[in-house]
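Shown next, in structure tokens, is the structure this report addresses.
The values are calculated or read from the model by the stated rules, or taken from the named source; none is laboratory data. Just so we're clear, the structure is a prediction, and the values are computed from it rather than from any experiment. Don't worry about glycine lacking a Cβ; one is built from the backbone with ideal geometry, like all the others, and counts go over all protein chains shown. Accessible surface areas use protein heavy atoms only, side chains included; no ligands, DNA or RNA. Shrake-Rupley method; radii C 1.70, N 1.55, O 1.52, S 1.80 Å.
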Amino acid sequence: MNKVKRYFTRALHRIQKGPGYTYKELLVWFCNNTNTHGPKRIISEGPKKRVMWFILTLFFAALVFWQWGLVIQTYLSYGVSVSLSIGFNTMVFPAVTVCNANPFKYSRVKPFLQELDALVLTALDRIQYSSQRNGNLSFPTNTTQNVTLDPSLWNHIPLVVIDENDPENPLVYDIFDSNTNYSQINATNDNNQTTYAERFKVAIQLCTNNGTKCQYRNFTSGLQAIEEWYLLQFSSIFSKISLHDKIEMGYKAEDMILTCMFGGEACSYRNFTHIYDQNYGNCYIFNWGQEGQPLMDSANPGADFGLTLVLDIDQEEYIPYLQSTAAARLILHQQRSFPFLKDLGIYAMPGTETSIAVLVDQTEHLEAPYSSCTMNGSDIPVANLYEKYNSSYSIQSCLRSCFQEAMVKQCKCAHYLFPLPDGAHYCNNMEDSDWVPCYYQIFDSVAEREQCINLCQQPCNDSNYKMTISMADWPSAAAEDWIFHVLSYEKEGSEKITVNRDGIVKLNIYFQEFNYRSVSESATTNVVWLLSNLGGQFGFWMGGSVLCIIEFGEIIIDCIWITILKLLAWTKSRKEKRRRPEFPEPPPTVSELVEAYTNPGFQQEEEVQVATPIPGTPPPKYDSLRVQQMDDAIEVISSDEE
């Protein structure tokens with residue numbers, strides 16, 4: 001501690017030997033020695049010019065600081081400039097994922113959907129009966145009274161018909177309730193009042209707290225209501241079926257991919273990678289580029305050097321109430337990225353040849369702080385549920401993972417259409433009675449959607465495939481006979497025709513041209529730009545440089561040291577003042593203090609003592625008073641006696 005104190009003491013002494021002891025001396029010294037234009041003229045000119053140069057120096061100094069603020073603000077905005085470049089070279093062919101729009105073969109899943117299909121038939125009959133305006137239509141025979149149904153399929157989320165003949169007091173009828181008198185409903189229908197679509201609404205009843213709190217999800221058409229209700233029940237049933245069994249119930253690659261050709265060379269279903277999609281079942285990816293798989297390049301642009309496929313979607317195996325669209329679903333995407341066919345895929349219609357010409361756009365965004373993009377998703381606070389597919393990060397995977405995370409957190413179960421998180425189970429009606437209202441609450445919540453959008457960021461590097469699609473009838477009427485015979489023989493090994501126009505799809509996917517566009521971002525400002533602009537403004541308005549800024553920093557340090565010296569001196573003087581006595585004379589004694597407060601009337605007068613006068617003449621000198629030695633005295637006595 002003493003060493004530190006000694007060091008600072010020496011430093012203070014060194015500073016004291018510097019430009020001066022006061023602020024005025026320091027300022028004069030700075031103006032005389034600085035390299036900045038202006039301050040020297042303030043102390044060297046006459047009074048009038050001093051004022052003029054002082055005002056000019058202050059004005060241009062303020063102008064420099066204002067310009068510096070604008071430059072720093074521009075730098076901290078982290079602006080980017082976009083550059084577009086066009087190149088021409090051999091390109092990697094995109095990954096192509098193809099699926100059947102129908103996820104499972106109906107013949108394989110029919111035992112699981114038998115009761116559910118019977119419920120849909122009952123609902124259709126009763127909705128149709130309630131829409132009749134006359135009583136001639138007989139009561140529907142396909143009701144719940146004629147079939148044995150599992151109550152667990154509809155008790156939690158029943159289908160209802162809402163009669164809004166009286167908007168203030170609407171009537172709700174359960175479609176699956178056998179006690180509902182539909183003839184009475186039909187009789188109350190006024191022909192001159194409203195149409196059926198305006199009066200009756202088909203809805204899904206959503207109840208929570210053991211059925212004590214209910215709300216209704218209305219639809220504009222019974223078609224929408226039945227499809228939505230069927231999908232919910234379908235998800236509940238298939239949530240308990242293992243993944244292996246669901247794969248076995250889907251379409252095999254050898255049954256779906258009939259022919260394949262890439263770059264003029266033959267390929268087969270063995271060149272495709274299998275992946276399971278919750279919406280479309282078994283899907284197959286060409287040129288996915290997983291580990292150990294070589295990437296395929298396209299030698300030339302044009303249809304002859306692309307991918308040609310013939311697919312069989314087999315409409316006879318479609319689930320009637322689940323999928324109302326007959327087509328092949330496909331998507332073009334980057335290698336090692338998960339194909340989100342539900343969001344980004346396109347349909348290819350059966351009985352046609354669909355040609356897809358591709359153009360590639362590559363985008364490169366700068367990382368933070370220039371943008372909010374992410375390189376690989378490691379900085380996103382959402383667990384990517386699609387990592388198990390060994391796929392790269394995408395904003396779709398993040399949004400779906402965020403939604404599934406909210407489902408598990410709020411509903412205590414996971415939605416069937418998204419990957420299953422660790423430690424969770426898929427929602428079903430038996431274990432999670434309130435999962436459907438909870439699902440719709442999250443699905444309709446704007447706050448939940450915005451939260452996921454704010455958490456998920458776009459990838460910094462991405463490739464977009466722009467497609468030009470054209471279609472034609474295939475095969476032609478003149479060629480369909482021999483084409484269907486050949487395809488049926490290659491598929492079934494017999495001459496019986498099993499392939500027809502309703503299930504055949506031909507695809508041509510190729511590069512339209514090898515010109516690719518690359519859109520990249522570059523920083524508009526950097527540190528070199530910042531320093532050059534700061535120095536340019538300072539040099540133009542004040543004629544200064546970096547050394548002038550160092551001089552200015554030096555005077556600030558000197559001011560701080562002088563302030564410290566003054567504070568130390570002030571503190572020292574305060575301490576000395578506290579140690580200084582209150583009175584200049586010694587403090588009074590106790591007796592003096594007592595006498596000071598005593599009544600002088602009771603005190604005796606002091607006697608005046610007269611001083612003894614001092615004699616004016618000195619006393620006589622007596623020898624008897626002198627002290628002599630004994631030997632001399634003896635000698636005197638003896639001489640007398642003699």
Taking a ≥ b ≥ c as the square roots of the eigenvalues of the Cα gyration tensor of segment 280-350, is the shape rounded (a/c under 1.5), prolate (a/b larger than b/c) or oblate? prolate
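Counting Lys +1, Arg +1, Asp -1, Glu -1, what net charge surrounds HIS365 among other residues with beta carbon under 10 Å of its beta carbon? Please list the in-between numbers first.
Values: positive: none; negative: GLU364, GLU367, ASP462, GLU521.
So the environment of HIS365 carries a net charge of -4.
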Using protein chains only and a probe of 1.4 angstrom, how many square angstrom of HIS415 are accessible, to the nearest 10? 10
From phi via Karplus (6.51, -1.76, 1.60), per-residue ³J(HN,Hα) for segment 225-238 in Hz, x at Gly/Pro: 5, 5, 5, 5, 5, 5, 5, 5, 5, 4, 5, 5, 6, 7
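Determine the share of segment 417-520's accessible area contributed by carbon and sulfur atoms, expressed in whole percent, with a 1.4 angstrom probe. Each step should come with its number before you reach the end.
Numbers: 2840 of 5840 Å².
Exposed carbon and sulfur together represent 49 percent of the surface.
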Restrict the search to segment 409-508; then list the GluC sites (Glu not before Pro) that DSSP places in a loop and that have at most 11 other Cβ atoms within 10 Å of their Cβ. GLU495
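Protein chains only, probe 1.4 Å: how do GLU317, GLU576 rank by accessible area, largest first?
Numbers: GLU317 40, GLU576 80 Å².
The residues order as GLU576, GLU317, largest area first.
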Largest to smallest accessible area among MET542, MET256, MET471 [probe 1.4 Å]: MET471, MET542, MET256
All lysines inside 20 Å of LYS105 as judged from Cα atoms, apart from same-chain residues fewer than 8 positions distant: LYS240, LYS246, LYS252, LYS342, LYS491
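Determine the order of LYS40, LYS246, LYS3 by accessible area, beginning with the largest, at a probe radius of 1.4 Å. List each step's numbers first, then the result.
On the way: LYS40 95, LYS246 10, LYS3 160 Å².
Largest accessible area first, the list is LYS3, LYS40, LYS246.
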Normalised convex hull volume, segment 229-271, alpha-carbon set, Å³ per residue: 106
Reachable lysines from LYS48, criterion Cα separation under 17 angstrom, eight or more residues apart if same chain: LYS40
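From the C-alpha coordinates alone, can you work out the Kirkwood hydrodynamic radius of segment 377-450, in Å?
On the way: mean 1/r = 0.0778 Å⁻¹.
Answer for segment 377-450: a Kirkwood hydrodynamic radius of 12.9 Å.
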ARG574 accessible area, 1.4 Å probe, all protein chains in place, Å² to nearest 10: 110
Rounded to the nearest 10 Å², the 1.4 Å probe accessible area of VAL96 is 0
